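Some notes on the structure that comes next.
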């Protein structure tokens, strides 16, 4: 079973096709201080203090009930069921689950909110033109 050439070939070809996209899980009890850039899927059950950036147009950041982020988030798609202190900019879809608690502005194209979720900040709709203006403003503030 493990030494079969057919099984090894299938494993090699599937791992090659998945090598472009990563799936990362940061477990409960894990704490990271610093900025993170990822592609693929990032699932957060722990704590991150710093900004998070997704590098692809189909990336997904998932924050579970135990997950916490203190920093700016700039991703294509985000699913929130934990706590965020900072602004969120999404070019795709924002899903705000029932246990979510967001303290910051949410810049979105598409948003879905469940009963019980909380956002203490502004919901700001953006199209492609507005998202480039927002990033230009943020660049100027940093300098």
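Annotations for the structure displayed:
- Cα gyration tensor shape for the stretch 23-135, rounded if a/c is under 1.5, else prolate or oblate: oblate
- By average C-beta atoms within 10 angstrom, highest first, the peptides 55-61, 30-36, 95-101, 73-79: 73-79, 95-101, 55-61, 30-36
- Shape call, the stretch 15-85: gyration tensor on alpha carbons, a/c limit 1.5: prolate
Read the figures in this text as sums done on the coordinates, not as results from a lab. Computed from a predicted model, the values in this text were never measured in an experiment. Cβ coordinates were reconstructed from backbone atoms using ideal geometry, including for glycine residues, and neighbour counts include every protein chain displayed.
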